[in-house]
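Here the structure is laid out as structure tokens; the discussion comes afterwards.
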Amino acid sequence: MRRRPRTRLPSPRSEPDWLLEDRLWRHGYTPVAGLDEAGRGALAGPVAVAAVVLPVGYYPYRDSKGLSPGRRAELAHEIREVALDWCVALASCDEVDDLNVLAATKVAGLRALAGLKVRPAAVVTDYLTLAWQGQVLAVARADSRSFQVAAASILAKTERDRVMTAMESRFPGYDFARNKGYGTSKHLAALERIGPSRVHRTSFKPVAQIRLFAKR
């Protein structure tokens, strides 16, 4: 059974709220989803995009980058319980290389929206435009301004972290369980030592350079 959050007073302006969604509600768009991504800047692994539809209320959800892994995991579990609907979709490293990372992110975003059973009429994104049949409100820092986009950022981040942690055993030596595919010093040293794996993004400069030099 889904737990509904306790209703509280509106949050301060420095915290997420429903003002972005309200712009769309006032024009007749309902329901409205929030959408956000994780992993665009990584050197390996997929891009993850989540779409979330929450019941109106006050939540502790914030941009996932400002939360500890433990807190993200707690909130991700809560979001899956209280949300009216949610979906996380991936774009593979091959899609990132073939399409470019922004285009691959948009593909994953459309997959996430298509995976919702609650069909939104509009979506709020963190400055990600989409060629989608509904209305798209793409605004900067939406993950800090909208409860729904913040919730999407938490689900996208936790799912992508889970995928990258699982890759540690399949592709040992890169420290994926810790760096999640991002270019830490240990990750870059492993690339120099053993070369790219099958899940590295060969279109990204650090990986491309190592592949180029390895051929000489």
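Rounded, prolate or oblate, given the Cα gyration tensor of region 154-216, with a/c below 1.5 counting as rounded? Cα axes put region 154-216 in the prolate bin. For the chain, the fraction of 1.4 Å probe accessible surface lying on carbon and sulfur atoms is 53 percent.
Taking the alpha-carbon centroid of each part, what is the distance from region 168-209 to region 57-135 in angstrom? The distance from the Cα centre of region 168-209 to that of region 57-135 comes to 25 Å. Taking the chain as the region of interest, the number of lysine pairs whose Cα atoms are within less than 22 Å, with members eight or more places apart or on different chains, is 14. Converting phi to 3J(HN,Hα) with the Karplus coefficients 6.51, -1.76 and 1.60 and the offset θ = phi - 60°, region 100-115 yields 4, 5, 5, 5, 5, 4, 5, 4, 5, x, 5, 5, 5, 5, 5, x Hz in sequence order, with x at every glycine or proline. For the chain, what does the helix formula give at 222 nm: sum of -39500 (n - 2.57) over DSSP H segments with n ≥ 4, over the residue count, nearest 500 deg cm²/dmol? Value at 222 nm, helices only: -13000 deg cm²/dmol. In terms of its alpha-carbon gyration tensor, region 21-141 comes out oblate; a/c meets the 1.5 threshold, while b/c is at least as large as a/b.
Relative to the longest principal axis of the Cα atoms of the chain, helix 205-214 runs at roughly 20 degrees. Take the chain with all the other protein chains still there, run a 1.4 Å probe, and you get 51 Å² of accessible area per residue. A full extension of the chain between T184 and L19 corresponds to an added length of 55.7 nm, given 0.36 nm per residue minus the alpha carbon distance.
For the chain, the C-alpha radius of gyration sits at 1.07 times the compact-globule guess of 2.2 N^0.38 Å, with N the residue count.
If the chain linking H27 and L102 were pulled fully straight, counting 0.36 nm for each residue of separation and taking away their Cα-Cα distance, it would gain 24.1 nm. Indicate the gyration tensor shape class of region 102-216 (rounded, prolate or oblate), computed on the Cα atoms with a ≥ b ≥ c the square roots of the eigenvalues: a/c under 1.5 is rounded; otherwise a/b larger than b/c is prolate and the rest oblate. Note, shape of region 102-216 comes out prolate.
The values are calculated or read from the model by the stated rules, or taken from the named source; none is laboratory data. Fair warning: this is a prediction, and the values are worked out from it, not measured in the lab. Please note that ligands, DNA and RNA were not included when accessible areas were found on the heavy atoms of the full protein model with its side chains. Shrake-Rupley method; radii C 1.70, N 1.55, O 1.52, S 1.80 Å.
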